[in-house]
Amino acid sequence: MHLVRQIRQLNGLQGLRHALRQVSTAPTKPATLKYERDPQPLFTDAETQKLLQSMTQLHLDRVFRKRTVPDNSSEIKFMTTEQLELEFQSMVEKAQHMLQMPPVVKIKEDVDRIIAKDPALKDFADTKFVFTDITFGRRQSERKVVVRETDGTLAYASLDTTKRMNQLYFPLDGRQSYTPRMFALEELIAKCLTEHKYEYVMDRLLVQYEPHEPEFHNISARVFEHLNESKQFDLLRSTRHFGPMAFFYAWHRCIDDLLYDMIRRDYLQNAVELIALSYKIHNVPVEYQETLAKLDALHPTPAQSALTELRSGMRQPEGQQGIEQEIHSAIGKTEKDFTADEISLQFIEQYIASEHALKKVQLELAVQTLKEVNQEKLQLFQGLKKAHGIQAS
Amino acid sequence: MLQRYVRILCQARSSSNWNYSQILSVKQNAGIQYLLCFRNTSFFNKLPAEDIWRGVTAVSNAGKKRGRGKGSGKKVAKDLNKGQSLGMGRNSRVWPGLNSPVLRGYELVHSQKMTDSHDKVNGIIKLRDSMSNFRIMKLNPIDRGWSGSKMPGRSIGPPDSVGEEEFSSFDTRVLENKIVFIMKGNMGRKRRYSVLSVTGNGNGLAGFATAKAPEVRTALRKSKNRAGQKLININLCENRTIYHDFYTAFGKTKIYCFQKPDGYGLICHRAIQTICKVIGIKDLYAKIEGSTNVQHIVKAFFIGIMQQRSYKNIANETNLYVVQKQKAKNGYAEVKGMPYLPTTNPYSAAVADYMHFTLGNKIVLKEKKIFPFYFNSKGHQLYQTKEERFRNQAFVRLHDLVNSYF
Amino acid sequence: MLPIARGIYSGLANITRSSRGALHTASSLRCKASETAEEKDAENAEGEAGGEENQSSSSGPDPKDRSKVIPVETSMRYLKSAAYKQTYGNDFVWTQYRRNHKGMYAPRKTRKTCIRQGRISTGNPCPICRDEYLVLDYRNTELLEQFISPHNGNVLSYSKTGLCQKSHLRLTVAVQQARDSGFLTYDVPFREYDYSEYYGQEQKKKDIN
């Protein structure tokens, strides 16, 4: 093991300045909702993950939106059909990677772990010594950082010190060595939230803090709470933060606003999934697996739908199928969608009728409007089909 | 007698600006008085003002042929009558019947002194001074051309409208303005001005033309209007750049043009820059090889830009998909061109390089970067090692400044 | 210069002169705007503002004087005002600015500062220094956004904007502060999570089971 000695002058200028900054900046207002239990086992559960991913959706234009890069050049290539197909697949994989959800874990408590007490070393130096393992290729969580106090105690460094040392030797791109002013001052974060810069705040939060830090929990909870009030859920849709957000609402039994938004935007499957997630987390004895399985059979996964969307850019076969496609594109729904809608509406109504729903009137209204719109669409769909002479299957 | 004469002289001096040196001299000596050769005529009062001024301002015919009198501080004829009025002089008076009515009401107007004469005289002098030195008006820096106050690169406005057709959204820029001579048996060496200008609406419609005329102004107007008659429609890629890299040539001028990403700008010869601005191309890199004759550059560039192929045509020609991957979109692959009959042969795509295809199987010679002579010397290495400890100084200073809010 | 060409030049000069006139009127308008701003301030604090008004009315303000500190709020209001619109139109603050220099190529760096001892010390001050109501501050996002490249998110170089070195430094500082405070957003680098770092032990347990 390669050990490097790092001397920190706690009484030096740097410490003073740090202290000054600490004094001048008030801590942010704590969020009201917290994870009381460890949410990790439920979150990492394969079924939960699937539900969350499905709810997140995958809009390629959202995921691959234009970003600022040092070199914004483009490359033009010739490709055969097979190569193009491979390219599409790799793109969807890349998009899924970009939507990787940040881990949801419980707050890690700082515990003193003393290795040895050597009173003989007392007053050897008037500064602490921090030893950091900087072996190449080791994981951050496995990296050992120990501190020799001035009174001769050798102990594992606190989480704060460990993070600081890790950042010093293996800097994470975008992480600041100090608390960003945005997170330090209450009015600034409030301003960001009122301006609906949710994605920006969340992106910075991910980079700045580890998922097990209390600040991470606090700020992310605040963002989600604010979102629940402003109801701008669409801003986070198809980003990596949507999954944790939905999980947060399901955990704290406040899914109704998100549910309403999903019904209003005609994402019925997502609504069903959200309800199912909530049932799963709170162990409600309702059989949801069956409905989900039915819906899965009818609906493609986000990755599949993204692929079909990509492929639709390529040539379409001519003939009768073309007409059918045209009808679909005009109405926006296929026969499968109508059956799926029926199943999901049934499930949603069941939820609204149960004691779990809090905003019953609002949800019922939304469902009613959607039903009417769907009815109209179905009629139009059947009429068009008849007119074009396509047999009803 | 003598006193009277002197008085007249004084009066003459005071009343008008009369140059009394014509009255040569008056000697006053113990009552004897005589006049020395008095002459009443000179070219000042014999010739009209125009002819007198020509002596100062113009250059003789022979001199003109030799190219004299073209300097910037050229003299201009002044109109000395400007600002003057009859009966008004250094000592302004009211002269009834001359500069005022004889009767005012029922009262007879008497000759009287007028006030504020001093300002008037000064005003006239100022007016004359302002007439004398003609200054070239200072150009706004925005309107400057390629070089100083020369015409090339400058805008001369939209072409004149023809009937109903108006060119209001157009802008014309001069590319070349030069003197050309022709020799004729009976006329001798005849000089004309040749102007090459390019006009366009900044949205893919542009034209260029040369015109010659004996005067610059007419040449400019002619070429501008002629360019307006020769408009060419140019398709722009994403409304800002060219469709693909291309090679084009006219005579000994060879141009390599490259499509560039948004925000790159126009990195090319100033003539191409001006043409691109007029057409509406915003991002382009072009390298000229060979002659940089402006007329040839313009022709070569227009030929190249007209011979561009769309993505669809390229795809059909090669039977391969044309796919664009943007780095700003994290490598998002966008299908730009689809062939009617896509090939299934994977080998053809591996062989076909897009750049080779668009440049006509030419390969751009990328020169090796040449480092300065001292680059590998010991002294330079020493300098670099010494400098290394200051490499983050600027960042640290900036960081300190950033973290001090007030 | 040939007499024929001269006519055209004078025509062009007329155009430029008229545009300059527009600038002048705009600047006077701006003065008015600032006065109204002062008046508004005066309503809040009557005692001080009276003196200020007297000053402005008694002697014509020195156009080169920059000793007066203009608050950011005034600047932010100015950027939204009609006076600003008239002066700059839809262009950026720096688009209509050209550096004066000898010879073909401009010096690599711009001048150190335009303002010395509270006065403009140059005939062609940089876009920020020439208009005293443009205040570089992290809260003045509307102004800062004009100096940020939409393609790579960097602060535009002074070779492009023509800012003097001092203003450029203040600009970079203001932009970084604005980003740190959340006034300006930027694309945060993507952070990839190694799930095993956070869930590793649990998964191991599961494997054993």
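A short reminder: the numbers here are calculations on the coordinates, not readings from a lab. Worth saying up front: this structure is predicted, and the values here are computed from it rather than measured. Backbone-built Cβ (ideal geometry, glycine too); neighbour counts: all protein chains shown.
What does the extension gain come out to for residue A:369 and residue A:136, with contour length at 0.36 nm per residue minus their alpha carbon separation? Intermediate values should be presented prior to the final figure.
Details: separation 233, 0.36 × 233 = 83.88 nm, distance 6.00 nm.
77.9 nm is the gain from fully extending residue A:369 to residue A:136.
Calculated FRET efficiency, residue A:287 and residue A:334, Cβ-Cβ r, R0 45 Å, to nearest 0.05? It would help to have the intermediate numbers written out before the result.
Working: r = 27 Å, r/R0 = 0.60.
Here the calculated transfer efficiency is 0.95.
Any idea what % of Cα-Cα pairs in segment B:266-308 are farther than 14 Å?
Numbers: 395 of 903 pairs.
Pairs farther apart than 14 Å: 44 percent.
Let me know the mean shielding of A:141-150 by other chains, meaning the per-residue number of their Cβ atoms within 10 Å of its Cβ.
On the way: counts 6, 2, 0, 0, 0, 0, 0, 0, 0, 0.
For peptide A:141-150, the averaged partner shielding equals 1.
Given N residues in segment A:77-157, what is its alpha carbon radius of gyration divided by 2.2 N^0.38 Å?
On the way: Rg = 24.4 Å, N = 81, 2.2 N^0.38 = 11.7 Å.
Normalised Cα radius of gyration, segment A:77-157: 2.09.
Would you please report the Å³ per residue occupied by the convex hull of the alpha carbon atoms in segment B:140-222?
It is 113 Å³ per residue.
Using DSSP to define loop residues, name the trypsin sites (Lys or Arg not before Pro) in segment B:82-171 whose beta-carbon has at most 13 other beta-carbon atoms within 10 Å. Could the numbers behind the result be given before it?
Details: sites: B:82, B:90, B:93, B:104, B:113, B:120, B:126, B:128, B:135, B:138, B:144, B:150, B:154; in loops: B:82, B:90, B:135, B:138, B:144, B:150, B:154.
Within segment B:82-171, the qualifying trypsin sites (Lys or Arg not before Pro) (loop, at most 13 other Cβ atoms within 10 Å) are B:82, B:90, B:135, B:138, B:150.
When a/c is below 1.5 the answer is rounded, else prolate if a/b is larger than b/c, else oblate, so apply that to chain B with a ≥ b ≥ c taken from the square roots of the Cα gyration tensor eigenvalues. List each step's numbers first, then the result.
Details: a/c = 2.91, a/b = 2.35, b/c = 1.24.
It is prolate, given that a/c is not under 1.5 and a/b is the larger ratio.
Could you state the number of Å between the C-alpha centres of segment B:316-348 and segment B:356-394?
Answer, in whole Å: 35.
Partner chain Cβ atoms within 10 Å, averaged over the residues of A:244-250 - can you pull that number for me? Could you put the intermediate results ahead of the total?
Numbers: counts 0, 0, 0, 0, 0, 0, 0.
Per-residue shielding by partner chains comes out at 0.
Restricting things to alpha carbons, tell me how big segment B:86-179 is in terms of Rg and Dmax, in Å.
My reading of the Cα-based Rg and Dmax gives 26.8, 72 Å.
With each label point set 7 Å from Cα along the Cα-Cβ vector, what nm distance links residue B:47 and residue B:293?
My value for the distance between the label points is 4.7 nm.
At a 10 angstrom cut-off on C-beta neighbours, averaged per residue, how do the peptides A:252-260, A:189-197 rank from highest to lowest? Intermediate values should be presented prior to the final figure.
Values: A:252-260: 20.3, A:189-197: 17.0.
For the peptides A:252-260, A:189-197, the packing ranking is A:252-260, A:189-197.
How big is the gap, in Å, between the Cα center of segment A:215-232 and the Cα center of segment A:154-200?
Spelled out, the Cα-based centre of one part sits 17 Å from the other.
Using a ≥ b ≥ c from the Cα gyration tensor of segment B:176-248 (square roots of the eigenvalues), is it rounded, prolate or oblate, where a/c under 1.5 gives rounded and otherwise the larger of a/b and b/c decides, a/b for prolate? Don't jump to the answer; show the numbers that get you there.
Details: a/c = 4.10, a/b = 2.57, b/c = 1.60.
Cα axes put segment B:176-248 in the prolate bin.
Past the 29 Å Cα-Cα mark, which pairs from A:29/A:106; A:294/B:336; B:78/C:64; A:280/A:359?
Values: A:29/A:106 19 Å; A:294/B:336 38 Å; B:78/C:64 38 Å; A:280/A:359 20 Å.
A:294/B:336; B:78/C:64, as the Cα separations exceed 29 Å there.
Rank these for me by crowding, B:95, A:251, going from fewest to most other beta carbons within 10 Å. Don't jump to the answer; show the numbers that get you there.
Details: B:95 16, A:251 21.
Fewest-to-most Cβ neighbours within 10 Å comes out as B:95, A:251.
Based on the mean of other beta carbon atoms within 10 Å per residue, what is the order of B:293-302, A:119-128, A:356-365, C:181-190, most packed first? Could the numbers behind the result be given before it?
Details: B:293-302: 20.9, A:119-128: 11.5, A:356-365: 15.1, C:181-190: 18.4.
So the peptides B:293-302, A:119-128, A:356-365, C:181-190, ranked by packing, come out B:293-302, C:181-190, A:356-365, A:119-128.
To the nearest 0.05, what FRET efficiency results for residue B:60 and residue B:179 with a Förster distance of 25 Å applied to their C-beta separation? Don't jump to the answer; show the numbers that get you there.
On the way: r = 21 Å, r/R0 = 0.84.
The computed FRET efficiency comes out at 0.75.
When a/c reaches 1.5 or more, the comparison of a/b and b/c decides; with that in mind, is segment C:118-196 rounded, prolate or oblate per its Cα gyration tensor?
Working: a/c = 3.32, a/b = 2.45, b/c = 1.36.
Note, shape of segment C:118-196 comes out prolate.
Given contacts defined as C-alpha pairs under 8 Å and at least six residues apart, what's the relative contact order of segment B:249-336, whole-number percent?
On the way: 110 pairs, mean separation 24.5, N = 88.
Normalised by residue count, the contact order of segment B:249-336 is 28 percent.
Past 28 Å, Cα to Cα: identify those pairs from B:178/C:160; B:178/B:252; A:231/B:327; A:34/A:128; A:77/B:299; B:260/B:378, in the order given.
On the way: B:178/C:160 32 Å; B:178/B:252 21 Å; A:231/B:327 33 Å; A:34/A:128 35 Å; A:77/B:299 30 Å; B:260/B:378 40 Å.
Beyond 28 Å between Cα atoms: B:178/C:160; A:231/B:327; A:34/A:128; A:77/B:299; B:260/B:378.
Nearest 10 degrees is fine. How inclined is helix A:81-98 to the longest principal axis of chain A, computing both from alpha carbons?
Approximately 50 degrees, to the nearest 10.
Where q = 0.06 Å⁻¹, what log10 of I(q)/I(0) comes from the Debye formula for chain A, counting one point per Cα?
-0.35
Under the Kirkwood approximation for Rh and a Cα-based Rg, what ratio Rg/Rh is obtained for segment A:65-208? Walk me through the numbers on the way to the answer.
Working: Rg = 22.7 Å, Rh = 20.1 Å.
Ratio value, two decimals: 1.13.
Give me Rg over Rh for segment A:127-175, both radii from the alpha carbons and Rh done the Kirkwood way, two decimal places. Could the numbers behind the result be given before it?
On the way: Rg = 11.3 Å, Rh = 11.4 Å.
With Rg and the Kirkwood Rh in hand, the quotient comes to 1.00.
Taking the number of other C-beta atoms within 10 Å as the exposure measure, put A:186, A:87, A:199 in order starting with the fewest. Numbers along the way, then the final one.
Details: A:186 13, A:87 19, A:199 16.
Going from sparsest to densest Cβ surroundings: A:186, A:199, A:87.
Using alpha carbons only, how many degrees (0 to 90, rounded to 10) separate the axis of helix B:216-229 from the longest principal axis of chain B?
40
Throw me the Rg/Rh for segment B:78-134, computed over C-alpha atoms with Kirkwood Rh, two decimals.
Details: Rg = 14.5 Å, Rh = 12.9 Å.
Radius of gyration relative to Kirkwood radius: 1.12.
Hey, rough spin-label estimate for residue A:342 and residue A:178, points 7 angstrom out along Cα→Cβ, what's it come to in nanometres?
The answer from the label model is 6.4 nm.
Calculate how steeply helix A:289-298 sits against the longest principal axis of the alpha-carbon atoms of chain A, using the helix alpha-carbon long axis, and give the answer as 0 to 90 degrees to the nearest 10.
Orientation of helix A:289-298: about 60 degrees from the principal axis.
Just tell me how shielded A:82-88 is by partners: mean number of partner chain Cβ atoms within 10 Å of each residue's Cβ, no decimals. Can you show the working numbers first?
Values: counts 5, 6, 8, 0, 0, 6, 2.
For peptide A:82-88, the averaged partner shielding equals 4.
Cα atoms only, segment C:64-209: Rg and Dmax in Å?
22.1, 81
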